[in-house]
Every structure is written in C-alpha cells, then in structure tokens.
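Have a look at the structure below, then the notes.
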Amino acid sequence: MHEMGIAQQLVQIAIDSIPEDIENPKVEKLNLKIGKLASVVEHSLTFCFEIITKDTPLENARLDIDFIPVMVHCKSCDNEWEVTGPVFKCPFCEDGDVEMLTGREIEITSLELAD
Amino acid sequence: MEINIQKRVLEANETEADKNRKFFKDKNVFVVNMMSSPGSGKTETLCKTLVKLMPDIRVGVIVGDICTTNDADRLEVTGAKVTQINTDQFGGDCHLAANLIIDSAKQLGCDDLDLLIVENIGNLVCPAEFDIGEDARAVVLSVTEGEDKPLKYPLMFRVADVAILNKIDLLPYLDFDAKLVVDNMKQVHPHLPVFEISAKTEEGFEPWLEWLKIKVFEKTGR
Ligand SMILES: Nc1nc2c(ncn2[C@@H]2O[C@H](COP(=O)(O)OP(=O)(O)OP(=O)(O)O)[C@@H](O)[C@H]2O)c(=O)[nH]1
Ligand SMILES: [Mg+2]
Ligand SMILES: [Zn+2]
C-alpha cells in the first residue's frame, strides 16, 4: 500500500539527521513509534526499507518499532481507557463522544550510528 | 552514538495539508474528502448529489484515480467543474496526497465555488492516513461489501465525519443486515452521522443533502 512512501520519508528524515561532519556514517538502528491504529504493516515497511536503503548509510539498519496503544478519552464522562479492538464506544456512559489520545503515531524517535 | 530525532514521518504531507486548508479558507470554500473501497458508488453518489445541489450551491470536483478519466467524464455531464488526477504519473499511489490537491484546486479555480468535493482513490486503508486539508471526510460503504467492514477498517470509520451506506435498492436481493452495519459503524465511531441512500434510485438523499448544505453554510456563510 503506502509503506513505500513511508519508507522513503523515513530514509529522507534519517539522512537529513546525520551530522555532516561524520565520515562514512553507518546507521545500525532506527527507532520508531507506530500507533496500533496507524495503517502501517510492519513486514511491508521492513521490506520496502530494505530495498531502498541498498548502497546508502542505512543499508542493513534495523527498524526497532515501539507500538503505541490506542488510548481514548470520553468527553462526556471524562474516563480514559485503552482500546484493543475496533470498538470505541464508551463502556462507562455508553453514549459519550470519544476522542483518540494516542494510537495514530508514525514517528521516528532516534537513530543509532555505528562507532 | 544515538541521534535524537522526534519527527512525524508524514510531516511533509501535514505541512502541505495545512497550506491547502489555508488556501481553502481564503477562497471560502468547504472541502469534502470522499473515500470508499473501489466501486462503492462514490462517483454515482456524486453525480446525483451535484445535480441536486446546483445551481444553489456551486460545486467543483477533483477526482483521483490511478488511471483513466472515466469518472471525470461521468461527473462533467452534471455541469460541475471537474478535474482529474491520475496517480500513475506519481508511481500509482493508492491515495491522494496533499501536494497533489493544490494544483488541481488552482486549475479548477475556487473563487466561484461554495463546495469542493475530492473523490479519493478507491481504497479503505491508505486515504484515511493522509490529510489533504479537507474540512470533512465522508466514507461510502455499499451494502454488497459486508456488515463487518467498519470493524475491519476502523481507522477509516474513526476519521470519517459522515458515512453513507449506498446501494440500498439492492437490499431485497441480499442477506445484508443494514441495522447491523450501522451499529458497527457506531461501535467504531459513536455519533457518526450515517445516511442510507441509493445513488441509483435516489432514495434517501434529502438528509445527506441537508447535512452538506448546513456544513457549507457553517463555513462559508452562504
Ligand atoms: N444498484 C446500485 N448500483 C449502484 C449504486 N451506486 C453505484 N452503483 C453501481 O456501482 C458501480 C460502481 O459505482 P461507481 O460510482 O463507479 O463507484 P466508485 O466508488 O466511484 O468506484 P471507483 O471510483 O472505481 O473506486 C457502477 O456500476 C454503478 O452504476 C446504487 O445505489 N445501486
Ligand atoms: Mg469513482
Ligand atoms: Zn463516557
């Protein structure tokens, strides 16, 4: 689907973040935060990432993904809870207006360079 | 050595979407991003909607497809201003990204529009992830797709501001439980407005048109 585009953005952001004064940088790991509701399929992302990082400082870098739980808040009764399936209905007041707090992230938190 | 980054990967798209939103605000036009899986009836629903809204509400359409101008040709017949985006020039993307919208919007000329509808590429997954600077997101689901779709594609129904259940003229021929699918939509998104329509017979259009008119008025004052 759109994992190729996401992989390209990842690579772009990572390359732009490597300090220019480092000679022959080699990235060992990219640390990512991905919300459980974000439409990103891990193996597709890894696959696209491997293809486009050939012959770049990111070749063979690992993607370390921290999956972020879906946390929601009911604006009507002020409760907060974690949603683990597709159901967002408020279990406390049944009829509340529910907003998402976390779970849609697609973020790059840091990268690790080889010494 | 660890280098701290903390960046949203889709930030480039978000920046473009914000620019679009500002452009649409300056032009005082209400923008709807219409999404569904392939063939749910986005184009057919739009064709009927446009005819019923015009000329009171001046409508333009940007239609996205990977290939062909079939949908633009169908929509142009209504007399609305229409422009087509084909993503195959951009690698056959499965969604419209924010940067593709602005050129089409300018080409269309938004000065004399009250409502701009973007028919996104048929896909229930990717378009939900990409903000294009719209004011409202509409998802279309048809009765031949199964009652469980809202539960299988929760992000799409979460981000939607309104849902259309289309092809209800086919209900007598199917074992499809319309009440169950609406319940499933509300499980994912409590209070989501859902309109049950047939783009073929034009049944059920009034509440949907009313919703659109109110939204256009709330933004544009017209
Ligand atoms: N019976 C019936 N058929 C419909 C209805 N709405 C659309 N169709 C038919 O469903 C098919 C797909 O409709 P489109 O409007 O092209 O669907 P779409 O969502 O725009 O499709 P893509 O743009 O290709 O994703 C066409 O053959 C339509 O004539 C409806 O309410 N009832
Ligand atoms: Mg279409
Ligand atoms: Zn509640």
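The values are calculated or read from the model by the stated rules, or taken from the named source; none is laboratory data. For clarity, every value in this text was computed on a predicted model and none was experimentally measured. Note that each Cβ is placed from the backbone with ideal geometry, even for glycine, and that neighbours are counted across all protein chains shown. All accessible areas refer to the heavy atoms of the entire protein, side chains included, with ligands and DNA or RNA removed. Shrake-Rupley method; radii C 1.70, N 1.55, O 1.52, S 1.80 Å.
In this structure, A:Q12 and B:D88 have a Cβ-Cβ separation that, at R0 = 25 Å, corresponds to a calculated FRET efficiency of about 0.65.
Each of B:T68, B:T201, A:I106 was scored by the projection of its Cα onto the charge dipole of the protein assembly as shown, and the greatest displacement toward the positive side belongs to B:T201; charges sit on the C-beta of Lys, Arg, Asp and Glu. With the biggest extent put first, the Cα atoms of chain A measure 58, 28, 17 Å across the principal axes. In the elastic network of chain B, a GNM with C-alpha springs shorter than 10 Å, the most mobile of B:L192, B:L108, B:L170 is B:L170. Among B:F157, B:F30, B:F130, the largest mean-square fluctuation in a Gaussian network model of chain B, built with springs joining Cα atoms closer than 10 Å, belongs to B:F130. For the range B:75-167, the spherically averaged projection of the C-alpha convex hull amounts to 7.1 nm². D by Stokes-Einstein for the protein assembly as shown, Kirkwood Rh over Cα pairs, 37 °C, 0.692 mPa s: 153 µm²/s.
Expressed to the nearest 5 percent, the antiparallel share of DSSP beta bridges inside chain A is 70 percent. Ordered from largest to smallest accessible area (heavy atoms of protein chains, 1.4 Å probe), the residues B:T220, A:T46 come out as A:T46, B:T220.
Pairs exceeding 23 Å between alpha-carbon atoms, taken from B:K7/B:K149; B:K7/B:K219; A:K29/B:K19; A:K36/B:K149; B:K22/B:K42: B:K7/B:K149; B:K7/B:K219; A:K29/B:K19; B:K22/B:K42.
Net charge dipole, the range B:1-88: roughly 420 debye, given to the nearest 20, about the Cα centre with Cβ charges of +1 for Lys and Arg and -1 for Asp and Glu. Expressed as a fraction of 2.2 N^0.38 Å, the value expected for a compact globular protein of N residues, the C-alpha radius of gyration of the range B:36-81 is 1.13.
Note on surface exposure: A:C90, B:C67 rank B:C67, A:C90 by accessible area, highest first, 1.4 Å probe. A loss of 30 Å² or more of accessible area (1.4 Å probe, protein heavy atoms, ligands and nucleic acids excluded) relative to the isolated chain is seen in these residues of the range B:1-40: B:M1, B:E2, B:I3, B:I5, B:Q6, B:K7, B:R8, B:V9, B:L10. Counting protein heavy atoms only, the range B:2-220 has 49 percent of its accessible area on carbon and sulfur, 1.4 angstrom probe.
Direction-averaged projected area, Cα convex hull, the range B:1-114: 9.0 nm², rounded to one decimal. By the Cα gyration tensor, the range B:2-220 has an equivalent ellipsoid whose semi-axes, rounded to whole angstrom, run 26, 22, 17 from largest to smallest.
Among A:L101, A:L58, A:L30, which one moves the most in a GNM of chain A with springs linking Cα atoms closer than 10 Å? Comparing A:L101, A:L58, A:L30 in the GNM, the peak value goes to A:L101.
The share of accessible area on chain A that comes from carbon and sulfur is 46 percent, using a 1.4 angstrom probe. Computed with a 1.4 Å probe over protein heavy atoms only, the accessible surface of chain B comes to 42 Å² per residue.
Our coupling estimate for the range B:191-199, obtained by passing each phi through the Karplus curve with A = 6.51, B = -1.76, C = 1.60 and θ = phi - 60°, is 6, 5, x, 10, 10, 9, 9, 10, 6 Hz, Gly and Pro reported as x.
At the residue level, A:D78 shows approximately 110 square angstrom of accessible surface with a 1.4 angstrom probe and all protein chains present. Interface A-B: total buried accessible area of about 2800 Å², 1.4 Å probe, protein heavy atoms only.
Across peptide A:101-113, the mean count of Cβ atoms from other chains lying within 10 Å of each residue's own Cβ comes to 4. The listed residues B:E2, B:E119, A:E23 rank as A:E23, B:E2, B:E119 when sorted by accessible area, largest first, using a 1.4 Å probe. Looking at the protein assembly as shown alone, DSSP beta bridges between its own residues are antiparallel in about 35 percent of cases. Charged side chains reduced to their Cβ positions (Lys and Arg at +1, Asp and Glu at -1) give chain A a dipole of some 360 debye around its Cα centre.
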